[in-house]
1. Working only within segment 286-322, note down all residues that are away from the ligand (no atom under 16 Å from the Cβ) and either farther than 28 Å from Gly165 by Cα or assigned to a helix (DSSP H, G or I) (or both).
2. For residues in segment 428-442 being part of a loop (DSSP other than H, G, I, E, B) and within 17 Å of Tyr289 (Cα to Cα), which is nearest to the ligand (Cβ to nearest atom)?
3. Residue by residue through segment 421-438, note down the ones that are buried (at least 22 other Cβ atoms within 10 Å of the Cβ) and in contact with a His (Cβ under 8 Å, 6 or more places away or on another chain).
4. Being closer than 13 Å to Val442 by Cβ and of a type outside the set (Val, Ile, Thr) is the filter; apply it to segment 396-422 and report the residue that is nearest to the chain's Cα centre (by Cα).
5. Considering only residues that are under 20 Å from Ala541 (Cα atoms) and in contact with an Asp or Glu (Cβ under 7 Å, 6 or more places away or on another chain), which ones fall in segment 618-629?
6. Does segment 351-400 hold any residues that are part of a strand (DSSP E or B) and within 16 Å of the ligand (Cβ to nearest atom), and which are they?
7. Looking at Val325, is it away from the ligand (no atom under 16 Å from the Cβ), assigned to a loop (DSSP other than H, G, I, E, B), under 23 Å from Ala95 (Cβ atoms) and not charged (D, E, K, R)?
Amino acid sequence: MSKEITLSSENKHVFQSSEEFRKDALISDPGIYQKAEDRLAFWEERASTLSWFKKWDTVLEWNPPFAKWFNGGKLNASYNCLDRHLAGPRADKNAIVFEGENGDTQMLTYKELHHEVSKFAGVLRSLGVKKGDVVTIYMPMIPEAVVAMLACSRIGAPHSVVFGGFSAEAIRDRINDAKSKIVITADAGYRRGKVLPLKENVDEALKGVAEIDKVIVVRRVGLDNAVQGERDVWYHELMKDAAADCPAEEMDAEDILFILYTSGTTGKPKGVVHTTGGYLTGVSTTHQYIFDLKENDVYWCTADIGWITGHSYLVYGPLANGATVFLFEGTPDYPAKDRYWELIEKYGVTILYTAPTAIRTFMKWGESYPQKRNLNSLRLLGTVGEPINPEAWLWYHKHIGGERCPIVDTWWQTETGMIMISALPGVTDMKPGSCSVPFPGVKAEILNRSGQPVQNGEVGFVAITEPWPAMLRTVYGDDKRYKDTYWGTWPDRYFAGDGAKIDEDGYFWIIGRVDDVINVSGHRIGTAEVESALVEHPAVAEAACIGKSHEVKGQAIAAFVTLREGVAAREDLVNELKNHVAAKIGAIAKPDEIHLTEELPKTRSGKIIRRILRDIAEGRAIGDTTTLADASAVEALQQIGKQ
Ligand code: WT7
C-alpha cells in the first residue's frame, strides 16, 4: 500500500510510495538530488549511457539564449532506439504491442521494428529525401507512424508530425512553414466507429502548397482511391521490395531531430525545434527514472504521437530505453467505457501515463467500469497536460491504482522536450495536485515579474533558471520569436508561461497559463488562432476568446463575437461559426460557447479586456471596469452572463 503519511494544516494530503516499491525502485536514494547539483556532470554521465559514434567535445556551450549540448558528438536517435538493442536479449523483446480501434493487433519485436524502419528509411532515401529535409507526418496511431518517425531520424530528415485531428488548413500552414516536400499519411483512420479521411485532408491541404514531391499513403482502412496521380504512392508498394540495409546517418548532437508546432500568443503556431543529443539524453533519463522503468514493464502512454508527449514518452524515451510500448489507436469509450481497463487487463500493462481530463471523464462514468477488470498488473501511474485536481488524483489512486501505485504528476511543455518537474516515485513524497519538485539536474523557480523569487504561497511565474539538455533550441526559422517569447521576460531565464505557487517544502503547485493560451483537455489552443479563424467568417467583425473552467476538459473555449454591419443574427449562426472554427483548425479548437454581442469591452487604446469576458463567462461579478473605454459595452455583456 502506498500510504498517506500526513494531512498538513492546509488540508493537503501527502503520500509516500510503499516500502516495497521504494525497495525495488531504480532510484531510491534521495542523494540523487544533491549529486545532480553538479548539473553538467550529471547530464554528462546520463549522455554517456547512449550510444555515440563520436564523443562530444563540450557538455554545454551556453550563449544565452542559445544552447549547444554535447557539441561535437555524433549519434543517431533511430540507432539508439533500435540497433543498440539488437545485440542482446532485447532483440526479441516486443518494442511495440499495438491494438487498433477494431481490435486488430500487431506485435513488433525490436528486431522486427528495426527491419521495418531500415526498409522505410531506405525507401525515403531512394525517393531523394536527404539529411536536413523536413518530412511531414499526418497519421493515425498505428505502428507505421512510429516507423515513419524513426525512419526519418535514421536518415537525418527532421520530422514534423501534425496531429491527425488537425484540419487541412493547419496541415498546409505547417508544410509551408517547414518547406516540407514529402508527406507521409494514411488513407484514413478509425475513430469511434467512423472513418477519418486523412488523405482527403492532405489533398485539400496540398492545394495551397507550391512544391511537394511525394505523398506516401499507408493503407489503414482500405480506401482504394486514396492514391492517385504521380504524386501519390502506397506505402506497402514501396516497402514490398525495399532492402533492409540502411545504416543510420551519423548526426551531430545539435542537428535537428524534429519540429513540432504548438500554439502561442499569436495566430501563427510556432515550430518548436528539438535537436538530437541533448533531447535523447533528457527523454531517456526522465523516462527511466520517473517511470521507474524495469525490463519487464509494459508501458502505456495514451497520448497521440501528434503531441510532444507522444514524441518523448511514446517513441524516443521508451524506445531508447528498450521498453515494451503499448500503442492504442482508439478512444476510452469505444466500443464501451471500459476499453482502457480491458486493454490493461489483456496486455498486463504495468505503467499507465495519461491526462487529468481523461481521469475526470472516468470519474464521471463511475468506478463500476474499472472494477469489472483486473488491474493488478499496474504498478505506477502518471499524469500530464494540466493541473490535476486532488479529487481526481485521489480517485485515480484508489480506483485505478488500487491504492498501491504511486502517481507521478509530470509538468513540462512542448518546448521543454522532457519532463521538468515530477516526483521520483521511489524517493519523493507525493501531494495530490502538486507536480512536486524539479527533476535532478533541472533548475526551476517561481519568480515575480521583476525576477525575484516569490514567498511561499504567493503566486508567481514558472522560470527555468539554467539550460537543460532537451530544451528547444529555437523557433523554426525565427530566432527572434524564440528570444522574445521565452527569454524576454527576465535576462537568461526561461519564461514558461505558467502561473504557480511554491509551498514550504519546495513543492510546485501549477495554476495554469498566464498568456493567451487555453488548455483544453491538456491541449494548447491559442486564443489568437481561434479569433483569427472566427474573423475569417464573412459574418464576423470582431472576436475574442477566453478559457472558461470546465469540469472535464479543465478549460473550454468561450468566444464573444460581434457581427458585421448589416448581418442579422440568424438562428443557426452560432453553430455555423463553431463548425467554421473546427474546419479551419480542427475539432479540438471548436468553441463550446459563442456569444453574439454588440460590443467587446476595450480599453481606451482599443485592447480587449479579457478579464471582463472571463468574469462574464464564469458568471462572476465583474471586477474593476475603470479602464473601460465605454461602460455600456459591459451592460450588454452582462445580459449574456445571466443567460
Ligand atoms: C502546458 C504545456 C507536456 C505535455 C503536454 C502538454 C500545462 C503540462 C502539467 C502538469 C499542470 C501542466 C502547462 C504547460 N501542463 N503538464 N503536470 N500540471 N500543468 O504540452 O501542449 O506544450 O502544454 O501544459 O500549462 O505550460 P503543451
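The values are calculated or read from the model by the stated rules, or taken from the named source; none is laboratory data. As the structure is a prediction and not an experimental result, all values here were calculated from the model. Don't worry about glycine lacking a Cβ; one is built from the backbone with ideal geometry, like all the others, and counts go over all protein chains shown.
1. Across segment 286-322, the qualifying residues are Gln288, Tyr289, Asp292, Leu293, Lys294, Glu295, Asn296, Asp297, Leu319, Ala320, Asn321, Gly322.
2. So, considering only residues that are part of a loop (DSSP other than H, G, I, E, B) and within 17 Å of Tyr289 (Cα to Cα), the one nearest to the ligand (Cβ to nearest atom) is Cys435.
3. Lys431 - this is the single residue of segment 421-438 that is buried (at least 22 other Cβ atoms within 10 Å of the Cβ) and in contact with a His (Cβ under 8 Å, 6 or more places away or on another chain).
4. Within segment 396-422, the match that is nearest to the chain's Cα centre (by Cα) is Gln413.
5. none
6. Pass one, segment 351-400, residues part of a strand (DSSP E or B): 351-354, 380-384.
Scanning segment 351-400 gives Leu352, Tyr353, Thr354, Leu380, Leu381, Gly382, Thr383, Val384.
7. Values: away from the ligand (no atom under 16 Å from the Cβ): yes; assigned to a loop (DSSP other than H, G, I, E, B): no; under 23 Å from Ala95 (Cβ atoms): yes; not charged (D, E, K, R): yes.
Criteria not met by Val325.
Here is a yes/no grid of residues against (1) of a type outside the set (A, V, I, L, M); (2) touching a Ser or Thr at 6+ places or on another chain (Cβ under 9 Å):
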residue: Met430; (1), (2): no, yes
residue: Ser434; (1), (2): yes, no
residue: Ser450; (1), (2): yes, no
residue: Val454; (1), (2): no, no
residue: Trp487; (1), (2): yes, no
residue: Trp490; (1), (2): yes, yes
residue: Gly497; (1), (2): yes, yes
residue: Arg513; (1), (2): yes, no
